[in-house]
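Student: Got a structure for you, written out below as structure tokens; questions coming shortly.
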């Protein structure tokens, strides 16, 4: 199976968002990764529901939505309405994570759980069957273009072991500092999906770059 590529729209040209979304539509990317930041959980503010609705209007591929916000439970239905097909919340922001995942499923979306670099994968053992996707952060969340944290490779390998042992079908996605070199290490360790922002949009040929990531 080829690697799932989910380009991060955070690195797109916001003055030409429709153009860039249509470019992603024409590419071999499976998903569009949407980073939602509130300036509280992470030290940055990205875009909110109105911009996401605009992206959804032009996108022909599933929206892979990553909530880097302090109170995700307050907005589950709003993001479903805005077009999210996968909704990923941070382990660190959900004191009742199992209940949050149930609410996401009840709203008709796939469930994702993101882990910050310092959060161990073992914490997901008891609920791995309730999670469609685990997002391993290979940078500290909040800003694009950061340097890849090498320990993420071992986290992917450990998480793959947990998923295999549990006979779960959970996918592993990685976000942060992904390029052809780090992407190969991650895929070899067991990653199913790669998020790439500046590496895709900063390249001379984003469509070709997405194709190279898929081939890893």
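Any read-out appearing in this document is the output of simple, stated calculations on the displayed coordinates, not a laboratory observation. For clarity, every value in this text was computed on a predicted model and none was experimentally measured. Cβ sites come from the backbone with ideal geometry, for glycine too, and all protein chains shown count toward neighbours.
Student: Going 7 Å from the Cα of residue 169 along its beta-carbon direction, which residues of segment 81-115 have the amide nitrogen within less than 16 Å of the resulting point?
Tutor: What the label zone holds, given the 16 Å backbone N cut-off, is 86, 105, 109-112.
Student: For residue 198, project a label point 7 Å along Cα to C-beta. Then give me every residue of segment 112-147 with its amide nitrogen under 15 Å of that point.
Tutor: Counting backbone N atoms under 15 Å from the label point, the list is 138-147.
Student: Then there's this: Below 8 Å, C-alpha to C-alpha, sequence gap of six or more: please give me the relative contact order for the chain in percent.
Tutor: Values: 438 pairs, mean separation 48.2, N = 216.
In percent, rounded to a whole number, it is 22.
Student: Gap in Å between the Cα centre of segment 143-216 and the Cα centre of segment 70-105?
Tutor: 23 Å
Student: Here's something else I'd like to know. Find the percent of Cα-Cα distances in the chain that exceed 22 Å, and round it to a whole number.
Tutor: Values: 10415 of 23220 pairs.
Taking all Cα-Cα pairs of the chain, the fraction more than 22 Å apart is 45 percent.
Student: Follow-up. Summing -39500 (n - 2.57) over the DSSP H runs of n ≥ 4 in the chain and dividing by its residue number, what mean residue ellipticity at 222 nm do you reach, to the nearest 500 deg cm²/dmol?
Tutor: Working: 8 runs with 75 residues, N = 216.
Computed mean residue ellipticity for the chain: -10000 deg cm²/dmol.
Student: Taking square-rooted eigenvalues a ≥ b ≥ c of the alpha carbon gyration tensor, is segment 114-209 rounded, prolate or oblate, where a/c under 1.5 means rounded and, failing that, a/b exceeding b/c means prolate?
Tutor: Numbers: a/c = 2.20, a/b = 1.79, b/c = 1.23.
Since a/c reaches 1.5 and a/b is larger than b/c, the shape of segment 114-209 is classed as prolate.
Student: Which FRET efficiency value, to the nearest 0.05, do you get for residue 151 and residue 123 by plugging their Cβ-Cβ distance into 1/(1 + (r/R0)^6) with R0 = 22 Å? Write out the running numbers ahead of the final one.
Tutor: Values: r = 16 Å, r/R0 = 0.71.
The computed FRET efficiency comes out at 0.90.
Student: Treat each spin label as a single point 7 Å out from the Cα along the C-beta direction, and report the residue 51 to residue 105 distance in nm.
Tutor: Label at residue 51, label at residue 105, 3.2 nm between them.
Student: Apply the a/c threshold of 1.5 to the C-alpha gyration tensor of segment 82-166 and tell me whether it is rounded, prolate or oblate.
Tutor: Numbers: a/c = 1.96, a/b = 1.26, b/c = 1.55.
It comes out oblate by the Cα gyration axes.
Student: Here is a follow-up. Please find, in a Gaussian network model of the chain (springs between Cα atoms separated by less than 10 Å), the residue of 77, 204, 35 whose mean-square fluctuation is greatest.
Tutor: 204
Student: OK, next. Pick from 74, 188, 130: which is most flexible by mean-square fluctuation in a GNM of the chain where alpha carbon atoms under 10 Å apart are linked?
Tutor: 74
Student: Of 114, 191, 166, which is the most mobile in a GNM of the chain whose springs link Cα atoms less than 10 angstrom apart?
Tutor: 166
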